[in-house]
Amino acid sequence: MRLLIAEDDPMLADGLARSLAQIGFAIDLAPDGLTADHMLLNQSYDLVILDLGLPKMEGLEVLRRMRRRSGAAGTAPVLILTARDGLEDRVRGLDLGADDYLTKPFDLPELEARARALVRRGKFGVSPQFVHGRLRFDTIGRRALLDDRPLDLSARELSVLETLLLNVGRVVSKEQLAEQLAGWGEEPGVNAIEVYIHRLRKKLEPAEVSVRTVRGLGYLLDKPPAGT
Ligand code: CA
């Protein structure tokens with residue numbers, strides 16, 4: 001899951017990034033509106049957290065431009081951050097297509113809960129979990145369960161598994177997996193992906209879930225056998 005945080009207060013941006021990285025987001029930071037606009041043109045995101053009071057280009061303008069774009073570039077869920085007295089901005093933001101808002105100052109757990117809910121809505125429609133044979137992936141709690149018992153997976157292993165589950169029956173390239181894991185400009189190499197896949201396979205063994213290597217192309221999670 002890839003997230004853009006557009007926030008000009010470096011302390012707040014850093015706090016948000018740290019807190020949201022822990023729940024499995026790969027994070028890009030934009031310290032001003034122009035940078036945010038540029039990143040939104042060049043990268044698709046699962047969620048955008050947008051401060052409205054940004055230098056160089058206001059948050060509302062970033063949002064307006066984004067929502068004019070077609071396809072994935074224009075449809076990512078947007079959570080706006082507004083000042084306590086910013087009622088008018090909030091209303092304009094929602095009118096322009098923001099999905100939710102938080103008033104500063106806010107608690108990080110509150111933000112995390114909203115972020116999860118928005119991503120869930122955006123990516124998974126109404127279904128907050130995947131069921132794959134005996135394996136269940138809970139996208140709200142960010143955990144995988146085998147026969148209802150949680151599996152011990154790291155945040156990165158969960159991200160890899162999530163991407164494979166979103167693409168059941170289709171080959172996923174190492175580059176795609178690296179992309180899902182990475183923050184802006186710091187993508188893990190394909191060797192790191194091999195390590196995550198290796199660990200994931202071991203941990204998924206009891207679930208009888210097999211991640212196949214498709215030589216030269218990537219990895220494939222087969223559809224679960226019928227009747228499971
Ligand atoms: Ca600001």
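With the structure loaded, tell me whether Ala26 is closer than 22 Å to Lys104 by Cβ and more than 15 Å from the ligand (Cβ to nearest atom) or whether it fails that test. Lay out the reasoning, then the answer.
Details: closer than 22 Å to Lys104 by Cβ: no; more than 15 Å from the ligand (Cβ to nearest atom): yes.
No; evaluated as a whole, the condition is false for this residue.
Residues Arg142, Arg116, Arg134, Arg121: which one is over 18 Å from Ala21 (Cβ atoms) and in contact (Cβ under 8 Å) with a residue 60 or more places away in the chain?
Values: Arg142 fails: over 18 Å from Ala21 (Cβ atoms); Arg116 fails: over 18 Å from Ala21 (Cβ atoms); Arg121 fails: in contact (Cβ under 8 Å) with a residue 60 or more places away in the chain.
Matching residue, one of Arg142, Arg116, Arg134, Arg121: Arg134.
Which residue is least open to solvent (accessible area, probe 1.4 Å), if the candidates are limited to the stretch 173-212 and must be part of a strand (DSSP E or B) and modelled with pLDDT of 85 or more?
Within the stretch 173-212, the subset part of a strand (DSSP E or B) is 183, 186, 211-212.
Next cut, modelled with pLDDT of 85 or more only: 211-212.
Values: Val211: 10, Arg212: 111 Å².
Looking at the filtered set, the residue picked out is Val211.
Name the one entry in Arg142, Arg149, Arg170 that is open to solvent by 20 Å² or more (accessible area, probe 1.4 Å) and on the phi > 0 side of the Ramachandran plot.
Working: Arg149 fails: on the phi > 0 side of the Ramachandran plot; Arg170 fails: on the phi > 0 side of the Ramachandran plot.
Among Arg142, Arg149, Arg170, only Arg142 is open to solvent by 20 Å² or more (accessible area, probe 1.4 Å) and on the phi > 0 side of the Ramachandran plot.
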- Task: Tell me which of these Leu50 doesn't satisfy, since it passes every other one: (1) within 15 Å of the ligand (Cβ to nearest atom); (2) farther than 21 Å from Arg156 by Cα; (3) surrounded by fewer than 18 Cβ atoms within 10 Å (Cβ to Cβ).
- Result: (3)
- Residue match in the stretch 75-90 (condition: away from the ligand (no atom under 16 Å from the Cβ), modelled with pLDDT of 90 or more and open to solvent by 60 Å² or more (accessible area, probe 1.4 Å)): no
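Being more than 16 Å from the ligand (Cβ to nearest atom) and buried (at least 19 other Cβ atoms within 10 Å of the Cβ) narrows it down to one of Ala13, Ala98, Ala36, Ala115, so name that one. I'd like the intermediate steps shown before the answer.
On the way: Ala13 fails: more than 16 Å from the ligand (Cβ to nearest atom); Ala98 fails: more than 16 Å from the ligand (Cβ to nearest atom); Ala36 fails: more than 16 Å from the ligand (Cβ to nearest atom).
When all the criteria are applied, what remains is Ala115.
Going by the conditions given, is Leu20 within 20 Å of Ala117 (Cβ to Cβ) and more than 11 Å from the ligand (Cβ to nearest atom)?
Numbers: within 20 Å of Ala117 (Cβ to Cβ): yes; more than 11 Å from the ligand (Cβ to nearest atom): yes.
Considered against the rule, which asks whether it is within 20 Å of Ala117 (Cβ to Cβ) and more than 11 Å from the ligand (Cβ to nearest atom), Leu20 comes out as yes.
The values are calculated or read from the model by the stated rules, or taken from the named source; none is laboratory data. No experiment lies behind these values; they were computed from the predicted model shown. Cβ atoms come from the backbone with ideal geometry, glycine included; neighbour counts cover every protein chain shown. Keep in mind that these areas ignore ligands, DNA and RNA; they rest on the heavy atoms of the full protein, side chains included. Shrake-Rupley method; radii C 1.70, N 1.55, O 1.52, S 1.80 Å.
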